[in-house]
1. Applying the selection to the range 113-142, what residues are small (Gly, Ala, Ser) and either in a strand (DSSP E or B) or touching a residue at least 24 places away in the same chain (Cβ under 8 Å) (or both)?
2. Considering each residue of the range 106-126, count those that are in contact with a strand residue (DSSP E or B) (Cβ under 9 Å, 6 or more places away or on another chain) and closer than 30 Å to Ala155 by Cβ, and give that number.
3. Can you tell me which of Arg84, Arg57 is charged (D, E, K, R) and modelled with pLDDT of 85 or more?
4. Which of the residues spanning the range 190-227 are open to solvent by less than 30 Å² (accessible area, probe 1.4 Å), in a helix (DSSP H, G or I) and of a type in the set (A, V, I, L, M, F, W, C)?
5. Return a yes/no flag: does the range 85-101 have any residue that is in a helix (DSSP H, G or I), out of contact with any strand residue (DSSP E or B) (no Cβ under 9 Å at 6 or more places or on another chain), in contact (Cβ under 8 Å) with a residue 12 or more places away in the chain and more than 25 Å from Asn213 (Cβ to Cβ).
6. Among the numbered conditions (1) closer than 24 Å to Val218 by Cβ; (2) at pLDDT below 85; (3) surrounded by fewer than 19 Cβ atoms within 10 Å (Cβ to Cβ), tell me where Leu178 comes up short.
7. Being of a type in the set (Ser, Thr, Tyr) and modelled with pLDDT of 85 or more: is that true of Ser158 here?
8. Give me the pairs, please: first residue somewhere in the range 45-64 and within 18 Å of Val15 (Cα to Cα) and open to solvent by less than 50 Å² (accessible area, probe 1.4 Å), second residue anywhere and charged (D, E, K, R) and in a helix (DSSP H, G or I), beta-carbon distance under 8 Å, and either six or more positions apart or on two chains.
Amino acid sequence: MFSLLDTLARDGGAVSLKLISEQTGLHPSTAHRILNDLAVGGMVERSGPGAYRLGLRLLELGNLVRARLDVRDLAVRPMQELHRLTGFPVSLFVRQDDDALCIERTVSERNGVQVTRVMGLRVPLTSSAAGKVLLLNETGSALQALSANQPGLPAELSLIRQTGLAQEGEGQDPSLQLAAAPILDDQGRVAASLALNAPASRISPEWGEALKNTAQRVSGSLGWSHA
């Protein structure tokens, strides 16, 4: 499969099944079967009789990866500034399957506020403010499945969409007592969530607005515009 995709990527345009078979060393019937499977998933498109090219699904996936890579670099300075303003750590989360994965967090050091890369810290999407923000794209059957054990989830997501902010209550695990705001990509979809790691009782309205403004600033750097 990877060999087939690499062959199509090298050419850039439509490639005949015969040429694909020759370049990959696969029997034509084997290459044809795999290409058809890839076409079902949108990874490959048929382009005329016996010819194939890369599909738009790869572009979509590539944009998601690009957004994840870009958001890390673009969020560093705004995260540092928000930490200095509030005095609390600021975390950046992205979605990985059914979890919210923390990829960066600010820390106070002698020489100022630094942003460190974090891998491995994850929480279920439905159990934290950061995770719920990452669910804002979900609709239909996917949302229904996630709501099976949490009937109030759709209403929570609706409120987050209205206010632009998710916030955990005092009864939650202290590590999850935080507020989070969405970072949007150039298509207006949630690319990440920016979270302020502070007990809910200590997050003032001003800090909540600062968090939203910081997330909007990063969104603007990713190409999102309200206009």
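The values are calculated or read from the model by the stated rules, or taken from the named source; none is laboratory data. The shown structure was predicted, so the numbers you read here are calculated from the model rather than taken from an experiment. Using ideal geometry, Cβ is built from the backbone for each residue, glycine included, and neighbour counts are taken over all protein chains shown. These accessible areas exclude ligands, DNA and RNA; they are computed on the full protein's heavy atoms, side chains included. Shrake-Rupley method; radii C 1.70, N 1.55, O 1.52, S 1.80 Å.
1. Passing the criteria: Ser127, Ser128, Ala129, Ala130, Gly131.
2. The initial filter retains those residues of the range 106-126 that are in contact with a strand residue (DSSP E or B) (Cβ under 9 Å, 6 or more places away or on another chain), namely 106-108, 113-125.
Keeping just the survivors that are closer than 30 Å to Ala155 by Cβ gives 121-125.
Counting residues in the range 106-126 that are in contact with a strand residue (DSSP E or B) (Cβ under 9 Å, 6 or more places away or on another chain) and closer than 30 Å to Ala155 by Cβ gives 5.
3. Arg84 is the lone residue from the list that is charged (D, E, K, R) and modelled with pLDDT of 85 or more.
4. Ala200, Ala210, Leu211, Ala215, Val218
5. No, the range 85-101 contains no residue that is in a helix (DSSP H, G or I), out of contact with any strand residue (DSSP E or B) (no Cβ under 9 Å at 6 or more places or on another chain), in contact (Cβ under 8 Å) with a residue 12 or more places away in the chain and more than 25 Å from Asn213 (Cβ to Cβ).
6. So the condition that Leu178 fails would be (3).
7. So Ser158 fits the description; yes.
8. Correct list of pairs: Gly50/Lys18.
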